[in-house]
Each structure stands twice: as C-alpha cells, then as structure tokens.
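One structure is given below, encoded as structure tokens.
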Amino acid sequence: MAIKTVIFDFGNVVAFFDHSRAVARLAGYTEFPPVEIALKLYGSQIEDAYERGAIDTAEYVREAKLDARLTCTDEQFLAAFVAIFWRNLEVCDLIPRLKPKYRIVLASNTTRAHFDAYSKQFADVLAHFDHLGTSFEARARKPEPAFCAHIQEHAYCEPHECVFVDDLPTNIEAAERFGWTGIVYRADGTLADKLLSAGVEL
C-alpha cells in the first residue's frame with residue numbers, strides 16, 4: 001500500500017491549545033466563575049453550531065457574550081477567544097520533510113475566528129499544506145463520517161492511501177472505519193516512528 005496523502009488535525013497536533021487562556025482573559029468581564037464561563041463558551045449548542053458553520057462569528061460573539069454576561073466589547077472578546085495556541089515543534093518540524101513526497105491536508109474541528117487567527121500565527125507551517133479542511137467548511141465535525149468524506153474530496157487519492165494523525169482516539173476510530181490509516185498522536189516524540197510504521201517515508 002503506497003501512502004499518497006497525510007492528513008493532520010490542528011489542535012494538540014500541529015499546535016497546542018488551552019481554552020483556559022481565553023477564559024482567564026475574559027473572567028474580569030463577568031461575575032461568572034471560570035468554570036461557568038468555559039461551559040457557556042465551549043460546551044454549548046452555539047459553539048457546536050459555530051464550528052459547523054451554521055452561524056457566523058458575529059452571531060456567536062453576540063450569543064456567547066449574552067450567555068456568559070460578558071461586558072467586554074466584541075473586539076476584546078475575539079482577542080481573548082483566539083489567544084490560545086502555541087507551536088508543537090515536533091510536528092511543525094516534520095511537516096516540511098513530508099511535503100516533497102506527499103499531499104498534506106489539514107482536518108480541523110474549528111471555528112472561523114480560530115482558523116483566521118491560527119492561519120496567520122502559523123502561516124509558515126500551513127504554507128506546506130495543499131488544503132486546509134475545517135468543520136465550518138465541511139458543515140460537519142469529527143468524528144462524523146460526513147467530515148471524513150469532505151476531507152477525502154481534497155485528498156486526491158483513495159481512502160486506503162491516506163494516513164490521518166489526530167490526538168483523539170474517537171476521531172481515529174472514525175477515520176479507520178472510513179478507510180484511512182490512523183495514528184493517535186501523543187506528544188512524546190514518537191510521531192516519526194509511527195509514521196514510518198504506517199508506510200510514510202521521511
């Protein structure tokens with residue numbers, strides 16, 4: 001089996017993220033404790049709708065501010081909301097080594113605001129990708145089959161010719177049911193060996 005396309009998740013693979021960074025910056029604008037803020041921003045139906053592209057950024061910000069009783073401006077909210085990412089050197093250093101031999105595709109459950117922010121923050125790494133696939137573009141989220149099907153349209157090969165790297169086992173299980181070879185990512189320095197075992201040359 002010849003691998004032709006390597007597909008990467010973004011969050012906690014290409015870059016790490018921590019929602020508590022945003023919550024800490026927003027905590028001064030509401031009487032809710034941080035745990036409640038996090039639930040209202042990230043554990044709600046509006047967040048799911050936003051990641052699916054069912055609502056736009058303006059609607060999400062409006063509803064999130066109302067739910068969390070935030071007194072900040074929209075600009076202050078968004079500045080905090082997207083300031084959650086930092087580079088994963090292990091993966092970022094591997095991607096340029098893969099590019100000459102493979103098609104590289106991103107497969108990210110993300111919002112438009114987060115995507116716009118990390119596309120700029122990590123422009124040097126993402127420049128190596130042939131396609132940046134997102135849940136808001138797919139109108140579906142991992143681990144749903146519709147998400148995999150959307151990404152497959154941009155793989156330019158058959159499912160069995162794809163390797164997918166994601167940090168969540170549930171997403172890998174769904175990918176393997178779809179026909180991809182899955183690698184559960186752990187930040188332990190073993191990704192290169194796992195890629196080699198999956199038939200990816202470095």
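The values are calculated or read from the model by the stated rules, or taken from the named source; none is laboratory data. Quick caveat, the model's predicted, so the values are computed rather than measured. Note that we place each Cβ from the backbone using ideal geometry, even for glycine, and neighbour counts take in every protein chain shown.
Looking at the range 66-75, can you tell me whether even one residue there is surrounded by fewer than 21 Cβ atoms within 10 Å (Cβ to Cβ) and closer than 23 Å to I172 by Cβ? No, the range 66-75 contains no residue that is surrounded by fewer than 21 Cβ atoms within 10 Å (Cβ to Cβ) and closer than 23 Å to I172 by Cβ. Being without any contact (Cβ under 8 Å) to a residue 60 or more places away in the chain and not assigned by TED's automatic domain parsing to the domain that holds L26 holds for only one residue in V125, V163, V184, and it is V184.
Selection over the range 98-124 of residues that are closer than 21 Å to K4 by Cβ and either assigned to a loop (DSSP other than H, G, I, E, B) or not charged (D, E, K, R) (or both) gives a count of 10.
Taking the range 139-156, which residues are touching a helix residue (DSSP H, G or I) at 6+ places or on another chain (Cβ under 7 Å), buried (at least 21 other Cβ atoms within 10 Å of the Cβ) and part of a loop (DSSP other than H, G, I, E, B)? Listed by number, the list holds a single entry, K142. Considering only the range 8-52, state which residues are aromatic (F, W, Y), touching a helix residue (DSSP H, G or I) at 6+ places or on another chain (Cβ under 7 Å) and farther than 26 Å from R87 by Cβ. Of everything in the range 8-52, just one residue is aromatic (F, W, Y), touching a helix residue (DSSP H, G or I) at 6+ places or on another chain (Cβ under 7 Å) and farther than 26 Å from R87 by Cβ, namely F32. Taking the criterion of being of a type in the set (D, E), assigned to a loop (DSSP other than H, G, I, E, B) and closer than 19 Å to K4 by Cβ, the only residue of the range 157-181 that qualifies is E158.
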